[in-house]
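The values are calculated or read from the model by the stated rules, or taken from the named source; none is laboratory data. Model, not experiment: these values are computed from the prediction. Heads up, the Cβs are rebuilt from the backbone with ideal geometry, glycines too, and the neighbour counts pull from every protein chain shown.
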Amino acid sequence: MIINGESMYKPLAIAALLSDLEQRGLLDSTLVVWGGEFGRMPFSEGKNAPGRNHNPYGFCMWMAGGGVKGGMSYGETDEFGFEAAVNPTHVHDIHATMLHLMGLDHEHLTYFHQGREESLTDVHGKVIKDIVA
């Protein structure tokens with residue numbers, strides 16, 4: 001079944017995945033990340049342009065297992081859903097946190113690219129300690 005262009009079975013598939021990992025004793029050692037790098041604008045693009053454009057200022061992601069605190073949310077957007085208003089987080093922070101949860105220090109993990117050492121998070125990310133168990 002499709003509702004508003006989305007399959008209603010996606011939440012069931014995610015619940016099944018998490019349940020399966022937990023039943024097998026693998027959830028604590030498996031980090032599951034669901035999301036994207038942008039949300040949708042909280043308004044239409046105009047009368048002759050139905051739809052909502054990408055919104056890099058307010059988006060949602062979730063993580064489960066692998067050292068993440070369960071049953072909590074972190075951050076929130078303004079009342080319109082346009083931009084992060086409480087605990088704004090950059091994609092670099094999310095990457096740094098994911099690497100930390102996998103036991104890697106993002107500031108020391110570098111690779112050689114076009115004549116210089118590069119970091120996966122461009123050394124801008126900070127681990128979001130409030131979501132780490």
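A few remarks follow.
Okay, residues lined up against (1) without any contact (Cβ under 8 Å) to a residue 40 or more places away in the chain; (2) closer than 13 Å to residue 130 by Cβ; (3) surrounded by fewer than 15 Cβ atoms within 10 Å (Cβ to Cβ); (4) touching a helix residue (DSSP H, G or I) at 6+ places or on another chain (Cβ under 6 Å):
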{"residue": "53", "(1), (2), (3), (4)": "yes, no, yes, no"}
{"residue": "58", "(1), (2), (3), (4)": "yes, no, no, no"}
{"residue": "63", "(1), (2), (3), (4)": "no, yes, no, no"}
{"residue": "69", "(1), (2), (3), (4)": "no, yes, yes, yes"}
{"residue": "79", "(1), (2), (3), (4)": "yes, no, yes, no"}
{"residue": "87", "(1), (2), (3), (4)": "no, yes, yes, no"}
{"residue": "91", "(1), (2), (3), (4)": "no, no, no, no"}
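- Any chance residue 101 is buried (at least 17 other Cβ atoms within 10 Å of the Cβ) and closer than 25 Å to residue 17 by Cβ: yes
- Inter-residue pairs, beta-carbon under 6 Å, first under 9 Å from residue 81 (Cβ atoms) and in the stretch 37-48, second not in a loop (DSSP other than H, G, I, E, B), 6+ apart: 39/55; 40/55; 41/55
- Within the stretch 85-98, tally of residues that are under 13 Å from the mean Cα position of the chain (by Cα), hydrophobic (A, V, I, L, M, F, W, C) and farther than 12 Å from residue 37 by Cα: 2
- One residue stands out in the stretch 90-103 among those that are modelled with pLDDT of 90 or more and assigned to a loop (DSSP other than H, G, I, E, B): the one that is nearest to residue 25 (Cα to Cα), namely 102.
- When 117, 83 are screened for being surrounded by fewer than 16 Cβ atoms within 10 Å (Cβ to Cβ) and either of a type in the set (Lys, Arg) or farther than 20 Å from residue 55 by Cα (or both), only 117 passes.
- Residue 48 vs. criteria of a type in the set (S, T, N, Q), closer than 20 Å to residue 74 by Cβ and modelled with pLDDT of 80 or more: no
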